[in-house]
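Chemist: The structure that follows is given in the form of C-alpha cells.
Every number in this text was worked out from the coordinates using simple rules, so none of it is lab data. Source: prediction; values computed, not measured.
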Amino acid sequence: MRCTMTLENRRRRDTANHVTRFLWCQVSGILLFPRKEEKKREGKEREGKRHYEEEQEEEQEEEEEEEEEEEEEEEEGEEEEEEGEEGGG
C-alpha cells in the first residue's frame with residue numbers, strides 16, 4: 001500500500017525544506033537568489049546616487065541664491081553711497 005501525502009503534510013514538508021534551506025544559506029553565507037540580491041544592491045546604489053545628486057543640486061541652488069542676495073546687497077550699498085555723495089556735494 002502506497003502512502004499518499006495529504007496536502008497539509010506536503011505544505012508542512014515544503015515549508016520545512018524552504019526554512020531549512022534558507023537558514024543553511026544564511027549560516028554558510030551563500031546567497032539564495034544572487035541575481036535578486038545583486039539587483040537589490042544596484043537599486044540601493046542607484047537610489048544613493050540619485051539622493052546624492054539631489055543634495056548637490058539643492059546645495060548649488062542655495063549657493064546661487066546666496067550669491068544673488070549678496071550682489072543685490074552690494075548694489076543697494078553702492079546706490080546709498082552715490083546718494084550720500086550727491087547730497088553732500
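Chemist: What do you get for the angle between helix 7-28 and the principal long axis of the chain? Use alpha-carbon atoms, 0 to 90 degrees, nearest ten.
Modeler: Roughly 50 degrees, rounded to the nearest 10.
Chemist: Of all the C-alpha pairs in the chain, what % are more than 17 Å from each other? All intermediate terms of the calculation are to be shown ahead of the outcome.
Modeler: Working: 2993 of 3916 pairs.
The calculated P(r) of the chain puts 76 percent of pairs beyond 17 Å.
Chemist: On to the next question. Between the helical axis of 34-88 and the dominant principal axis of the chain, each derived from Cα atoms, what acute angle in degrees is found, rounded to the nearest 10?
Modeler: The angle comes out at about 10 degrees.
Chemist: While we're here: Using a Gaussian network model of the chain whose springs link C-alpha atoms within less than 10 Å, name the residue from 59, 74, 38 with the highest mean-square fluctuation.
Modeler: Top of the fluctuation ranking is 74.
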